[in-house]
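S.K.: One structure follows; several queries about it will come next.
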Ligand code: MG
């Protein structure tokens with residue numbers, strides 16, 4: 001039995017993870033955590049009977065009237081994630097909290113040498129340098145859940161690191177690939193939340209629409225696979241079937257394909273190095289004609305500016321990632337509240353990124369302080 005803690009179990013990745021665990025043998029749920037959706041968290045506790053549930057928002061948790069199965073202990077506050085991540089009862093942590101909030105619990109799991117199924121890309125965007133160095137030291141294995149990185153992780157197994165030429169991240173191009181640039185000004189929240197191929201949570205769907213998600217993924221790939229920024233390229237692939245590719249020195253390109261369904265990369269992260277039969281993910285239907293297109297993004301177009309920012313951060317390292325991420329979280333929040341136009345989001349991030357006082361070798365404490373500082377300084381704007 002693999003004993004699993006799922007941080008962010010009420011979100012899209014968390015719910016999919018539980019669906020997979022229910023359909024496979026060999027996994028037991030030791031801990032679940034949620035922030036807003038306490039009713040769902042409680043329902044999950046009744047279904048999976050974990051040792052712990054963690055309600056990370058203390059105030060909200062105290063105001064809720066809980067009814068939990070015996071044998072499930074309620075912990076309140078996000079500090080408790082760190083305690084559970086390090087508990088000997090946990091073999092593997094599914095890090096599925098969205099955004100900056102996932103950082104400390106991921107670091108705690110790395111420190112404890114746990115295996116991590118990583119969906120929280122922001123912890124690598126913010127602290128990639130530190131997190132990967134720590135993981136090396138503690139032998140914590142970080143298995144990507146992000147579909148592109150899962151594809152690269154799988155394709156890399158076809159050759160040696162020294163034989164690698166580059167990785168090619170695919171991008172659907174988001175919901176507004178075919179809009180004229182001047183139409184991006186009037187994009188509504190509702191339209192931006194409607195992704196053409198993937199069903200995901202709100203934050204990542206909005207990031208996909210601005211292509212900031214691909215910027216975060218460039219940085220995530222940089223740290224996860226120890227790549228130089230010149231070894232990372234992006235291709236627009238509207239069908240979202242080829243989840244990414246690896247090109248080797250001899251010119252061979254290895255890709256991983258499957259329908260756009262997060263349940264497969266989640267399942268692979270749980271079962272790696274095995275591939276188990278079954279599981280709920282959709283499969284390729286080869287009875288049907290398949291059309292797959294690839295376009296190189298036009299880097300001179302403002303539409304693809306986010307990709308430039310991602311490559312810039314991958315090149316710079318240091319404090320660039322935390323700044324990009326904090327600015328982006330502010331932009332997404334402002335857009336959701338109707339305080340910022342769609343076409344203002346990426347320029348907002350760019351201006352903050354290019355004007356901050358760059359730290360080449362920050363500590364985790366420096367990064368956390370800088371994150372708070374950026375949020376404080378730019379929140380009202
Ligand atoms: Mg992705």
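S.K.: How large is the convex hull of the C-alpha atoms of the range 75-167 per residue, in Å³?
M.R.: 104
S.K.: Under the rule a/c < 1.5 gives rounded, and otherwise a/b versus b/c splits prolate from oblate, where does the range 200-251 land using the Cα gyration tensor?
M.R.: Oblate.
S.K.: On average, how much area does the Cα convex hull of the range 229-322 cover when viewed from any direction, in nm²?
M.R.: 9.2
S.K.: Hey, what's the Kirkwood Rh for the range 302-381 if you take every pair of different alpha carbons, in angstrom?
M.R.: 12.8
S.K.: Can you tell me the mean projection area, over all orientations, of the convex hull of the range 236-381's alpha carbons? Units nm², please.
M.R.: 13.3
S.K.: Compute the distance from the alpha-carbon center of the range 52-72 to that of the range 274-352, in whole Å.
M.R.: Centre-to-centre (Cα) distance: 34 Å.
S.K.: If I model a spin label at residue 79 and residue 344 as a point 7 Å from the Cα along the Cα→Cβ vector, what separation in nanometres do I get?
M.R.: Result for the modelled spin labels: 3.8 nm.
S.K.: Follow-up. When Rg is the radius of gyration of the Cα atoms in the chain and Rh is its Kirkwood radius, what does Rg/Rh come to?
M.R.: On the Cα set of the chain, Rg over Rh gives 0.95.
S.K.: Can I ask one more? Relative contact order (percent) for the range 97-184, with alpha-carbon contacts under 8 angstrom and 6 or more residues of separation?
M.R.: 25
S.K.: Between residue 190 and residue 301, what is the spin-label point distance in nm, taking each point 7 Å from the Cα along the Cα→C-beta axis?
M.R.: It is 2.6 nm.
S.K.: Please work out how much length the chain gains when fully extended from residue 336 to residue 160, using 0.36 nm per residue of separation minus the C-alpha to C-alpha distance, in nm with one decimal.
M.R.: 59.0 nm
S.K.: Using Cα springs under 10 Å in a Gaussian network model of the chain, which residue among 121, 291, 203 shows the largest mean-square fluctuation?
M.R.: 291
S.K.: If you don't mind, there's one more thing I want to ask. Select from 41, 179, 193 the residue whose mean-square fluctuation is largest in a Gaussian network model of the chain (Cα-Cα springs shorter than 10 Å).
M.R.: Judging by the Gaussian network model, the answer is 179.
S.K.: For the range 1-155, what does the relative contact order come out to in percent, with C-alpha contacts under 8 Å and a separation of six or more?
M.R.: 20
S.K.: Would you kindly give the portion of the calculated P(r) for the range 114-173 that falls above 12 Å, as a percent of all Cα pairs?
M.R.: In whole percent, the long-distance tail amounts to 73.
S.K.: Also, I was wondering about something else. Sort the following peptides by mean Cβ neighbour count (other Cβ atoms within 10 Å, averaged over residues), highest first: 113-120, 339-346.
M.R.: 113-120, 339-346
S.K.: Roughly what % of DSSP beta bridges within the chain run antiparallel, to the nearest 5?
M.R.: Antiparallel bridges make up about 25 percent of those DSSP assigns within the chain.
S.K.: Using alpha carbon centroids, what distance separates the range 203-271 and the range 74-88, in Å?
M.R.: Cα centroid to Cα centroid, the span is 31 Å.
S.K.: How would 49, 100 line up from fewest to most surrounding beta-carbon atoms within 10 angstrom?
M.R.: 49, 100
S.K.: Before anything else, pin down the relative contact order of the chain: Cα pairs under 8 Å, at least 6 apart, normalised by residue count, whole percent.
M.R.: In percent, rounded to a whole number, it is 15.
S.K.: Only Cα pairs within less than 10 Å get springs; with that Gaussian network setup on the chain, which residue of 78, 23, 33 has the largest fluctuation?
M.R.: For the chain, modelled as a Gaussian network with Cα springs under 10 Å, the answer is 23.
FYI, it's all coordinate maths here, none of it is from the lab. Model, not experiment: these values are computed from the prediction. Every residue, glycine as well, gets a Cβ built from its backbone with ideal geometry; the counts of neighbours run over all protein chains shown.
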